[in-house]
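Engineer: Please see the structure below; I have some questions.
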Amino acid sequence: MKGHDNKLFPKLEVFIQQLNPEDISIERKEILQTLIDYIQSKVDQNQVVNLNFICTHNSRRSHLSQIWAQCLAFYFGFNQVRCYSGGTETTALFPMVVKTLENTGFEIETIAQVENPIYSIKYAPNEHPIIGFSKNLDDVFNPSSGFAAIMTCDSANESCPIVNGAEIRIPVTYQDPKVFDQTPQQSEKYQERSGQIATEMFYVFSQIKK
């Protein structure tokens, strides 16, 4: 693993150090390779890396992907990476996602308790927080050009064949933990999906050469 001087919150640091990219299948690593290649090309050219993670509702998988990607880019010392998320429609960041991230070591505060709540999500004491809320993929909060559109769910991948302004469109889809909502397995399955995404984003940034 690469050495780094970037200080995360201690509980989060411990969680990340326990991730095991050896658990990722060869097939899955092949899917992630396109994302690795895109980031590497930007790093090689000393350019900002804009990653917009897109799902249907921007409520679960796209947020988990954005937050873990931003955190792990920082962990590996890639400070030129900017991560965003959006949906093909707007709903709200699902509360179990917030709880799952808090349990892992992120520090989260509610900025606005409205129908579509706005959260401050921090992974390190001295870094700007990620502002988490549900938004359309082309929201003014997101980049309008020069970014990779990373499709985190099959329905968004199929219903949104063109993402305006994207340099590349990369399907990296995940099973939706929503199917376990209101079941005894809900907490476990959200943690499982969050852990899978964290492990894969760890693998992605561990492969980038400075």
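The values are calculated or read from the model by the stated rules, or taken from the named source; none is laboratory data. Just so we're clear, the structure is a prediction, and the values are computed from it rather than from any experiment. All Cβ positions, even for glycine, are placed from backbone atoms using ideal geometry, and neighbour counts span all protein chains on display. Each accessible area value is taken on the protein alone, full model and side chains, heavy atoms only, with ligands, DNA and RNA left out. Shrake-Rupley method; radii C 1.70, N 1.55, O 1.52, S 1.80 Å.
Engineer: Relative contact order for the chain: what is it in percent, counting Cα pairs under 8 Å that are at least 6 residues apart?
Structural biologist: 28
Engineer: Here is a further query. With a ≥ b ≥ c the root eigenvalues of the C-alpha gyration tensor of segment 1-81, is it rounded (a/c under 1.5), prolate (a/b larger than b/c) or oblate?
Structural biologist: Rounded, since a/c falls under 1.5.
Engineer: Which percent of the accessible heavy-atom area of segment 61-191 goes to carbon and sulfur, probe 1.4 angstrom?
Structural biologist: The computed percentage sits at 48.
Engineer: Per residue, how much accessible area does the chain have with a 1.4 Å probe, in Å²?
Structural biologist: 47
Engineer: Still on this structure, I have one more. In nm, what is the difference between 0.36 nm times the number of residues separating SER144 and GLU27 and their Cα-Cα distance?
Structural biologist: Result for the pair: 39.0 nm of gain on full extension.
Engineer: Where both residues lie in the chain, what percent of DSSP beta bridges are antiparallel, nearest 5?
Structural biologist: That works out to approximately 30 percent antiparallel.
Engineer: On full extension of the chain, what length is gained from ASN103 through GLN80, given 0.36 nm per residue of separation minus the C-alpha to C-alpha distance?
Structural biologist: This chain segment gains 5.5 nm when fully extended.
Engineer: Let me ask another. Per the 1.4 Å probe, what fraction of the accessible area of segment 1-60, in percent, lies on carbon and sulfur atoms?
Structural biologist: 48
Engineer: Next question, about the same structure. Report which label in [x] 0.94; [y] 0.99; [z] 1.09 holds the value of Cα Rg over 2.2 N^0.38 Å derived from the coordinates of this structure.
Structural biologist: [x]
Engineer: Hey, got the dipole for the chain? About the Cα centre, +1 on K and R Cβ, -1 on D and E Cβ, debye to the nearest 20?
Structural biologist: Charge dipole, the chain, about its Cα centre: 360 debye, nearest 20.
Engineer: Can you compute the helix-only [θ] at 222 nm over the chain? Use -39500 (n - 2.57) per DSSP H run of at least 4 residues, normalise by all residues, nearest 500 deg cm²/dmol.
Structural biologist: -12000 deg cm²/dmol
Engineer: Please work out the FRET efficiency for the pair GLN45 and GLN182, using the Cβ-Cβ distance as r and a Förster radius of 41 Å; give the result to the nearest 0.05.
Structural biologist: Step by step, r from the Cβ atoms, then E = 0.30.
Engineer: Taking the mean number of other Cβ atoms within 10 Å as a proxy for protection, how do you rank 141-147, 93-99, 197-203 from highest to lowest?
Structural biologist: 197-203, 93-99, 141-147
Engineer: Under 19 Å from a label point 7 Å along Cα→Cβ of THR110: give me every residue in segment 59-79 with its amide N that close.
Structural biologist: Those under the cut-off are 59-60.
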